[in-house]
Every structure is written in C-alpha cells, then in structure tokens.
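For reference, the structure discussed in these notes is given below.
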Amino acid sequence: MSINAINFNQKLELFNEHWTPKIIAQLNDYHFKLVKVQGEFVWHDHPETDEVFIVLKGNLHIAMDNETILIKEGEMVVIPKGVRHKPFAEKECHVLLVEPAGTINTGELKEDLTAPNDAWI
C-alpha cells in the first residue's frame, strides 16, 4: 500500500467549475472534498449531519435564518445538522469540506447545483 501526501493546490488545478465538490480522501466514513465557490449557492440543510467548511483561499459567507457569518482564509466553521444555510462568495473561494460519505451538496433538495457525491480527483 502506498501512502502519499495530498497537495490541495495541485488538486484544485484539476478543475474549474464552481459548486461541484471533488473527493480527495476518505477517513473511515468521512470524505474530504475540495470545492471552488463563487456567487450564491442554494438554501439547504443537512438533517442528518454537521458540515465543516475550511477556507483555504478567499472569503466565504454563510447566510443562516438569523445571521450571516464570514469565514476568512485559514478559518473554519461547523454548521450543525438541520441548520438551514446558504453559502456565497463574491470572489472565487477555495474550500475543504469534511462530511460523511454520500452527503449531497444541496441536502435533500434536487437543484441545478446538485453535484454528484462520488466524484474523486
């Protein structure tokens, strides 16, 4: 078995589309996903799981019903399960997501921005 370091920047160079998370690693039942975001996503929630956003580059805003938070480069936030939220970024932002394998990016909604949940790079 070969164990290799994963370079975020090299992986991010392999795709250009926004709001389409790509799996880069698995830890037990969790996936680590890289995603490029720009503009607004859709309102959604994940009733069964928390969601972790780690900002690698840029600034990410996450609107919730009662507030909007800003996550800056080098910061992270955990959105608790069941909390309705809508991520958005004025300029392109690179994010590492950590979530259970099989998690759909739009939650239970089927939208134009619903991405495949099994895309590895």
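The values are calculated or read from the model by the stated rules, or taken from the named source; none is laboratory data. Owing to the predicted nature of the structure, the values given are computational and were not obtained by experimental measurement. Cβ: placed from backbone, ideal geometry, glycine included. Neighbour counts: every protein chain shown.
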Matching residues in the range 42-53 (out of contact with any Gly (no Cβ under 9 Å at 6 or more places or on another chain) and either crowded, with 20+ Cβ neighbours inside 10 Å or among the small types (Gly, Ala, Ser) (or both)) number 2
Only unsatisfied item for His94, checking (1) more than 13 Å from Lys22 (Cβ to Cβ); (2) surrounded by 13 or more Cβ atoms within 10 Å (Cβ to Cβ); (3) of a type outside the set (D, E, K, R); (4) in contact with a strand residue (DSSP E or B) (Cβ under 7 Å, 6 or more places away or on another chain), is (1)
ask   = For His18, are the conditions met, namely being assigned to a loop (DSSP other than H, G, I, E, B), farther than 13 Å from Ala119 by Cβ and modelled with pLDDT of 95 or more?
value = yes
May I ask you to verify whether Glu73 is surrounded by 15 or more Cβ atoms within 10 Å (Cβ to Cβ) and of a type in the set (D, E, K, R)?
no
The lone condition Thr106 fails out of (1) in a loop (DSSP other than H, G, I, E, B); (2) at pLDDT below 95; (3) out of contact with any Leu (no Cβ under 8 Å at 6 or more places or on another chain) is (3)
Pairs returned, first residue in the range 78-98 that is more than 15 Å from Asn9 (Cα to Cα) and among the small types (Gly, Ala, Ser), second residue that is surrounded by fewer than 18 Cβ atoms within 10 Å (Cβ to Cβ) and at pLDDT 95 or above, beta-carbon separation under 6 angstrom, 6 or more apart or interchain, are Ala89/Gln38
Lys81 in contact with a Phe, Trp or Tyr (Cβ under 8 Å, 6 or more places away or on another chain) and on the phi < 0 side of the Ramachandran plot: no
Scanning the range 2-18 residue by residue, the ones that are in contact (Cβ under 8 Å) with a residue 60 or more places away in the chain and within 15 Å of Lys57 (Cα to Cα) total 4
Inset, instruction - Answer yes or no: is there a residue in the range 29-44 that is closer than 16 Å to Ala101 by Cβ, of a type in the set (Phe, Trp, Tyr), in a strand (DSSP E or B) and under 11 Å from the mean Cα position of the chain (by Cα). - result: yes
